[in-house]
Amino acid sequence: MATLSSKDYTDLAPYMEVIKFYKQYGANPGMNVLDFKPIYERITGEGLNPSCGACIANALRRSYDLIKEYEDGRT
């Protein structure tokens, strides 16, 4: 299981709003998946197909979980 470093957390910062919005509402308000893809793949070691809606949804959910673990660990 991947864990975030402070650099990973900073790299995900531009997507934080989208990730949290997705988790809350189950909808993607729009993001540049091609920018998000290399960050996600580096952090998790998993491939991400940007043309697969379900894959993006899973990546957003997984990113949310990693962010929450990181934030919970900081407090």
Vicinal HN-Hα couplings computed from phi for the stretch 46-56 (Karplus, 6.51 cos²θ - 1.76 cosθ + 1.60; Hz; Gly/Pro x):
10, x, 9, 8, x, 9, 10, x, 5, 5, 5
Can you work out the accessible area per residue across the chain, with the rest of the protein chains kept in place, probe 1.4 Å, in square angstrom?
59
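How big is the charge dipole of the chain about its Cα centre, in debye rounded to the nearest 20, if each Lys and Arg gets +1 on its Cβ and each Asp and Glu gets -1 on its Cβ?
Values: 9 positive and 10 negative charges, 20 e Å.
It works out to roughly 100 debye.
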Can you show me the helix-derived [θ] at 222 nm for the chain, built from DSSP H runs with n ≥ 4 at -39,500 (n - 2.57) apiece and divided by the number of residues, rounded to the nearest 500.
-21500 deg cm²/dmol
Consider all pairwise Cα distances in the chain and report the whole-number % of them above 16 Å.
42
What distance in nm lies between label points placed 7 Å from Cα along the C-beta direction at K7 and D35?
2.0
Step through the residues of the stretch 5-10 one at a time and calculate ³J(HN,Hα) from phi using the Karplus curve (6.51 cos²θ - 1.76 cosθ + 1.60, θ = phi - 60°), rounding each to whole Hz and writing x for Gly and Pro.
8, 5, 5, 4, 4, 5
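The values are calculated or read from the model by the stated rules, or taken from the named source; none is laboratory data. As the structure is a prediction and not an experimental result, all values here were calculated from the model. Here the Cβ is made from the backbone with ideal geometry for all residues, glycine too, and neighbour counts use every protein chain on show. Heads up: the accessible areas ignore ligands, DNA and RNA and are worked out on the full protein's heavy atoms, side chains in. Shrake-Rupley method; radii C 1.70, N 1.55, O 1.52, S 1.80 Å.
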